[in-house]
Amino acid sequence: MDTTYKSVDQEEESSGKSQIVHVMDILKAAFPYLDSDSQQSVDVFVKTGELITTVKELSQNHSVASLSVRKQSIDLEALLTNVREVCYPREREIIDVILNIFKAKNLYETYTTLSQVMASQSQGAEGFEGSEFDSDGDPSGNLGGMAGMKMDSSMMEMLTSMLSPEQKSTFENLSMMFNTMPAP
């Protein structure tokens, strides 16, 4: 009789169901019949078992997932806009400063593009010779990387003059951080 149970157990174990899942199923079935103190303990065991199962599945499927999922670039502006809604007021202020930097960058890029188009229309096919742009179309007086932002000194002065002293300090810290980051 003992051998009958062993063969049934071996068949069920070979069916692909892990022992952890089996124990969790037993605990879940017994859960409604336990007292409240026991239910709390069993709930912790079940949740721990589910975590272990999830980690085990992720580690087994890791190679397949890495082939099917491509890395996507992060839309930092959208991320900050969504995170801002759940932040405390002081955190919102910091996020607002960073978002304003993105807006200033976008404004400057639009200004640069518009200036290039206007300069090319006025000079025809001759290029940008004699204008404020060099042969690459970039403004002269580049102040550093700043996440791909190339600004001349007059534009930078104008933008920083619009900031409060605290925002200027934050901007300088962020600028230093962006300048130390490698280009994407």
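Throughout, read-outs are computed from the coordinates displayed, never taken from laboratory work. Computed from a predicted model, the values in this text were never measured in an experiment. Cβ sites come from the backbone with ideal geometry, for glycine too, and all protein chains shown count toward neighbours.
Per-residue HN-Hα couplings for the range 111-121, Karplus 6.51 cos²θ - 1.76 cosθ + 1.60 at θ = phi - 60°, whole Hz, x for Gly and Pro?
4, 5, 4, 4, 4, 5, 5, 5, 5, 5, 5
Beta carbons within 10 angstrom, averaged per residue: use that to sort the peptides 90-103, 37-50, highest first.
By packing density, highest mean first, the sequence is 90-103, 37-50.
Under the Karplus relation 6.51 cos²θ - 1.76 cosθ + 1.60, θ = phi - 60°, what is the ordered set of whole-Hz ³J(HN,Hα) values for the range 159-167, x standing for Gly and Pro?
Result, rounded to whole Hz: 5, 6, 5, 7, 9, 6, x, 5, 5.
Could you list which residues have their amide H under 5 Å from that of LEU34, counting only those 5 or more apart in sequence or on another chain, with H placed in the peptide plane?
HN-HN under 5 Å from LEU34: empty list.
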